[in-house]
Structure formats: C-alpha cells, structure tokens
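The values are calculated or read from the model by the stated rules, or taken from the named source; none is laboratory data. Please read all numbers here as calculations on a predicted model, not as lab measurements. Ideal geometry is used to build each Cβ from the backbone, glycine not excepted, and the neighbour counts take in all protein chains shown.
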Amino acid sequence: MDKNGKIYVAGHRGLVGSALMRNLKAKGWTNLLTCTHDELDLTDQHAVETFFTRHKPDYVFLAAAKVGGIYANNAYPAEFIHDNLAIQTNIIHEAYRHGVKRLMFLGSSCIYPKLAPQPMREEYLLTGPLEATNRPYAIAKIAGVEMCWSYNRQYGTQYLAAMPSNLYGPGDNYHPENSHVIPALIRKFHEAKVSGSAVVSVWGTGTPRREFVYSDDMADACIYLMSLPESKFASLLGSDEAQTGYFEPPLVNVGVGEDITIRDLAIMIRKVIGFKGELVFDTSKPDGTPRKLMDTTRLNSMGWCARTPLAQGLAVAYREFVDTLISAQ
C-alpha cells in the first residue's frame, strides 16, 4: 500500500477496526478515513455510494459487521444475515465502481463446515453443513468471500478475504449476553470476584476446542498481506475454477496454529482475574462447533506468524476491561 494512499477502515471502532487503526498509525500510515455509524449507515446503499463518490479511498479494510456470540446469533438471526449482507454488498460494489486498488474483507472461521477436518484449510470452504447456531452470519460471510472472488474474476479487482480465528483484545464487546466467549468470561469472573460469589457458570460442557488470536496480531497480519508486492498479492486472489479446475478462493486464514478447550480457557481466565471460587459448566447450554482450528500454512508461507501468547493477551484484555469499562461506570 502506498504510504500516501487514502485508506478507509470500515468499522474502525470495533475490535477488528480499532486494532487496524492502531497498527496502521504505528506503521506510518496517516491518510486514514473513518466514519461512525451516526455519520454513515453502511446498510444504506445510497449513503455508501455518496461516501465513496465524495472521498474516493485507494484502499479499503472491510471490518464493519454485526457480530456476537452464540446467544446473539440465536436471538437475532435475521439481523445477522440481513445487516452483514447489506454492509458488505454496498462496500464491495462501491469499491469496484470507484476504482479502489485493494480491498480486504474480514470474516470469521465459522465459514467452514461444522465438522470440517482439522486444522481447517482454505479449500474446505463449502464442503459441508455449517454450525446451526451461527449459520446466518456464516452464510453472509461466505457470500462476501464469493463476492470478492466474483469481482476479481469479472472485473480484475484485487479483493482478498482474511478469515481470523476467534478474536479478543482491546476494544472487545463485553455485553453480558451478546459477547463472544473470552469477553463474556472476563466479565463473569470479574463480577464474581467483586461480588464475592462462590461459583461462576460457563456455557456448555467445556470440551469444545477453540483457537484465539490477539486482535493486534490479526491487524498486523492483515496489513502485512495488504502490503505484499504485486506478484505475491495477486497469487492470493483466487483463480477461475471453470478455467483451472481448482477450487482456489481469494481467502487466507489468520490464526496462531494451536487451540485450547473452553474448560482450560476458563481456568486460564480465572487465574488472570484472580477469582478463587468454583467453576461449573451448564450442560443445558449449547457447545457450538466441536473444534475450530485454522490451518495457517498459506499465511505463514508469506512470511507472517502470530507473536502474542494467549495468557499475555488475556492479561492485556483484562486490564483494558477494568481501565476503560469498569472505571467509566
């Protein structure tokens, strides 16, 4: 990416977008374009068209999305599929219409089949049924990958999709019902510690395995990919399956290459927070996908590897939770 190029970060206030902003600024990019939801409703096609016409960004990071954990996905499936389809459709299409040089679409590991072989390789996309609890969100994200692929084939665009494993870090959502597993557990253990509770209950059996990547590592990987030389970047943009016979979507997994059970994760978070009580598992609640471990061979072969150990990242996330959320109450 040209250091003088105008970079639009859609969703700059969220977990992903805020990490991208920190990383871009730290690496010397200053021509950064952002808009709050109040300033620009990304589900509004006309508003997005007007925004691109006015600002003409050179590069786009599409990090805006409606996201949430198992509860939120189950409670609001219509919003999860509608809002995400609208956001990504509007931005990707206007990026094409206004000559954006490179675009990165951010997705999630839930795009892969529920029972995909482990670790999950990029070519496992569309090879089996999805996990029912987040299927609307996953289908929207799969549509985003296909849209990038289609525009690359038809129009010669340079749109790449990055699929991170479960993310956590500064700027996370700690809502008691709508958050993902790490922020949900951080909040639960903190509140139990403060209140003197003897027990913390965790959803499910504790046996599912998950991979977690620190948000700033994820941002570093995305900017690394977007800054690759032309030949290397072009090699990631997918092929025309009708011509090559190979299923090669414009897709790169972003992860750490190792996973952990939810039980061990809960024990680790309990230690970070200093909760001394008992940990119990509510087996009446859903587990979700049994295992989600990403194969990061493609990313690693480009010269990038994650750097932040889970325990270290959790400690940073907890400090931020206390400093920015609890102290503000």
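Hey, any hits in region 25-33 for a residue that's touching a residue at least 24 places away in the same chain (Cβ under 8 Å), small (G, A, S) and either farther than 28 Å from R291 by Cβ or touching a strand residue (DSSP E or B) at 6+ places or on another chain (Cβ under 9 Å) (or both)? Checked against the condition, which is being touching a residue at least 24 places away in the same chain (Cβ under 8 Å), small (G, A, S) and either farther than 28 Å from R291 by Cβ or touching a strand residue (DSSP E or B) at 6+ places or on another chain (Cβ under 9 Å) (or both), region 25-33 yields at least one hit.
If a residue has to be among the basic types (K, R) and out of contact with any helix residue (DSSP H, G or I) (no Cβ under 6 Å at 6 or more places or on another chain) to count, how many in region 57-101 make the cut? Give the steps one after another, and end with the answer.
Step one: list which residues in region 57-101 are among the basic types (K, R), which gives 66, 97, 101.
Going one step further and asking which of them are out of contact with any helix residue (DSSP H, G or I) (no Cβ under 6 Å at 6 or more places or on another chain), we end up with 97, 101.
Selection size over region 57-101: 2.
Residue count for region 287-308 satisfying the condition of being within 18 Å of I182 (Cα to Cα) and surrounded by fewer than 16 Cβ atoms within 10 Å (Cβ to Cβ): 1. Here the condition is being assigned to a loop (DSSP other than H, G, I, E, B) and over 25 Å from M218 (Cα atoms); of E39, E79, it holds for E39 alone.
Those strands (runs of 3 or more DSSP E) of region 143-261 in which 3 or more residues are more than 24 Å from K276 (Cα to Cα), over 15 Å from the mean Cα position of the chain (by Cα) and not charged (D, E, K, R) are absent.
The residue that is surrounded by the most Cβ atoms within 10 Å (Cβ to Cβ), counting only those in region 152-191 that are touching a residue at least 40 places away in the same chain (Cβ under 8 Å), among the small types (G, A, S) and out of contact with any Lys or Arg (no Cβ under 9 Å at 6 or more places or on another chain), is G169. Within region 104-140, take every residue that is surrounded by fewer than 18 Cβ atoms within 10 Å (Cβ to Cβ) and of a type in the set (A, V, I, L, M, F, W, C) and give me the one that is farthest from M218 (Cα to Cα). Here the residue is A132. If the condition is being touching a Ser or Thr at 6+ places or on another chain (Cβ under 8 Å) and either assigned to a helix (DSSP H, G or I) or farther than 17 Å from N253 by Cβ (or both), then region 101-113 contributes L103, S109, C110. Listed conditions (1) crowded, with 17+ Cβ neighbours inside 10 Å; (2) β-branched (V, I, T); (3) modelled with pLDDT under 95 are all met by T244, apart from (1).
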